[in-house]
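Below: the structure, in structure tokens.
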Amino acid sequence: MKASQFFVSTLKEAPADAEVVSHQLMTRAGMIKKLGAGIYTYMPMGLRVIRKVESIVREEMNRAGAVECTMPVVQPAELWQETGRFEKMGPELLRIQDRHARDFVIQPTSEEVVTDIARQELRSYKQLPKNLYQIQTKFRDERRPRFGLMRGREFIMKDAYSFDRDQAGAKASYQVMAQAYRRIFDRFGLRYRAVAADSGAIGGDLSEEFQVIAATGEDAIVYCPTSDYAANLEKAEALAPAGPRSAASQQCTLTPTPGKATCADVAELLGVPLARTVKSLVLATDLLNEAGVPAGVQVWLLLLRGDHDMNEIKVSKVPGLDAGFRFASVPEIEEHFGCKPGYLGPLGLKKPVRIVADREVAVMADWICGANQEDHHITGVNWGRDLPEPEAVADLRNVVAGDPSPDGKGELAIERGIEVGHVFYLGTKYSKAMNATFLGEDGKPAHFEMGCYGIGVTRLPAAAIEQNHDERGIIWPDAIAPFTVVLCPIGMDRSQEVKAAAEKLYAELLAAGVDVLLDDRGERPGAMFADWELIGVPHRVVLSDRGLKEGQVEYQHRRDSSATKVGADDILAYVKERLTA
């Protein structure tokens, strides 16, 4: 490709609404152009990156035995009503009507459509397993679209769906996809982690997220530097402290803490470590009678160490809270504790509550908590002496750096990541809801065991930029760069020697199968170099009159601080060597 025939459009400044680096640089490099909130035109330079991502994904999906199809962007609401998601999904699901007032949705994902295909086409166990995938436009009506392609409303996603006869087959299909994803992300040339993720309402342990490591990532990734353990923050287990609880050494004392309503303020006032305090979190579950009519409220008190944060995913797995919970209202709190929030604790309750202690709190001694009395806390609290042993103990908190790894092989560390892929075992959630069955070996109908597997095709370039950039612009890995090599001839429009040498090298690189661009626009060297550093092409060759007279050209990788002089006759071999390094 020659630059004069292509569409190169760069900006010196990013738009004011571009908050993150990837949004700023993709806009400045002419890769995307905003059309509306969370909706972007993929400009030619950006589309080349997207197509390279798609190509790698497609090759590895095909290699793993998946079969490509394309499902409609506009889907009948009837399918979504079968699974209940038409009502449950909320405003993220864009609902429309046609001229006959029939309901449709703009697909955010395609479980319903692909399950409908399976129940019509896959009639026998002999046709299984099957894995159908598509690379298709999706739409989710985000309340607050932001960060460019990182959290847009319209995006391209690869979604795949496996169908198996039983759980064993489904788990085997899952592992095939999990390995295919590792090959895909290895080929992208990005630093990533595959982390164990929560499986939500489906349950089980078959769920992994693929996270591109980036300091600006929205997600916290927990890992052990000395082992293979990795999980997202919601999934990572906080182990129970080793050893028995220490014996009580302090008296239980009502202590004035005027105006100190937080654990941090109390710890500072009393001159003790924050880890000596216990925070009280009050939840509520709404009780229903057999007719489904509200029949009261159960109030819960969760106790966590003052320097720890509650993990809502873990809390949602506590028996009694697993059907759904909410934070208690102020009137409910005052009714049970006789005090406003800020001074709450498990002693001296007005009405009984169900207490759940975090594993750490369950082995604490001489701890500090609210006194259920404004401007007061209680110091020297001990289980068994001042209040009964906790009726329930559970892992309720987020892990922190330095916690022991659940695999027993070291301590945990935390870094930031951007989720770009997810593999997930679905089970029969959709096949049962849509009565999608096949005839088993015994001649009886059985529901498909399903898995789903997604990659954010348009999110991935943004994540790559968040990981790979500097003050000059983007630094693409070779595999997904819009062009792998750029030739920058200086004064090509004025020098026949430069033009001839540039055209010759360009033809040789094309013949060698290299994705090369020749910048024949006649730009000044400074402007030309700035464009390609901003766009992030990884390999650059500069040809000039002076250099050619000395028999040399200049090669520079986008990460290099300076150029390397290479013989003009050797540059083709040199570039090819660098491309395979």
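Read-outs: derived from the displayed coordinates by stated rules, not from any lab. Please read all numbers here as calculations on a predicted model, not as lab measurements. Every residue, glycine among them, receives a Cβ derived from its backbone with ideal geometry; neighbour counts consider all protein chains shown.
Here the residues Leu269, Leu518, ranked from fewest to most Cβ neighbours within 10 Å of their Cβ, fall in the order Leu269, Leu518.
As an exercise, find the ratio Rg/Rh for segment 380-459 from alpha-carbon atoms, using the Kirkwood inverse-distance average for Rh. Radius of gyration over Kirkwood radius for segment 380-459 works out to 1.23.
Helical content of the chain, expressed as a calculated mean residue ellipticity at 222 nm, amounts to -7500 deg cm²/dmol (DSSP H runs of 4 or more residues, -39,500 (n - 2.57) each, divided by residue number, nearest 500). The chymotrypsin sites (Phe, Trp or Tyr not before Pro) of segment 60-114 include none that meets both conditions, a loop assignment by DSSP and at most 15 other Cβ atoms within 10 Å of the site Cβ.
Spin-label model, Asn62/Glu577: points 7 Å from Cα along the beta carbon direction are separated by 3.4 nm.
Quick one: which of Lys88/Lys171; Lys279/Lys432; Lys138/Lys432; Lys52/Lys126; Lys158/Lys235; Lys33/Lys130 span more than 31 angstrom between C-alpha atoms? Violating the 31 Å Cα-Cα cut-off are Lys279/Lys432; Lys52/Lys126; Lys33/Lys130. Given their separation in residues at 0.36 nm each and the Cα-Cα distance between them, Ile313 and Asn435 gain 41.0 nm when the chain is fully extended. When the GluC sites (Glu not before Pro) in segment 14-107 are filtered for DSSP coil states and for at most 15 other beta-carbon atoms within 10 Å of their beta-carbon, the remaining sites are Glu19.
Label-to-label distance, Ala168 versus Ser124, with points set 7 angstrom from Cα along the beta-carbon direction: 2.1 nm. Converting phi to 3J(HN,Hα) with the Karplus coefficients 6.51, -1.76 and 1.60 and the offset θ = phi - 60°, segment 354-371 yields 8, 9, 10, 9, 5, 3, 5, 5, 4, 10, 7, 10, 6, 9, 10, 8, x, 9 Hz in sequence order, with x at every glycine or proline. Sequentially through segment 25-38, phi angles give Karplus couplings (6.51, -1.76, 1.60; θ = phi - 60°) of 6, 5, 6, 5, 7, x, 8, 9, 9, 5, 9, x, 4, x Hz, Gly and Pro residues having no value and appearing as x. May I ask for the angle, rounded to the nearest 10°, between helix 167-188 and the longest principal axis of the chain, with both axes built from Cα atoms and the value confined to 0 to 90°? So the helix axis and the longest Cα principal axis differ by about 50 degrees. Considering only beta bridges that DSSP places wholly inside segment 416-524, some 80 percent are antiparallel. Straight-line cross-link reach from Lys12 at under 14 Å between alpha-carbon atoms covers these aspartates and glutamates, not counting any fewer than eight positions away in the same chain: Glu471, Asp531, Glu533. The computed mean projected area of the Cα convex hull in nm² for the structure shown corresponds, within (1) 35.1; (2) 27.7; (3) 48.1, to (1).
Consider a paramagnetic label point 7 Å from the Cα of Gln5 along Cα→Cβ; state which residues of segment 500-524 have an amide N under 17 Å from it. From segment 500-524, the list is 500, 502-522.
What separates the Cα centres of segment 508-575 and segment 374-453 is a distance of 52 Å.
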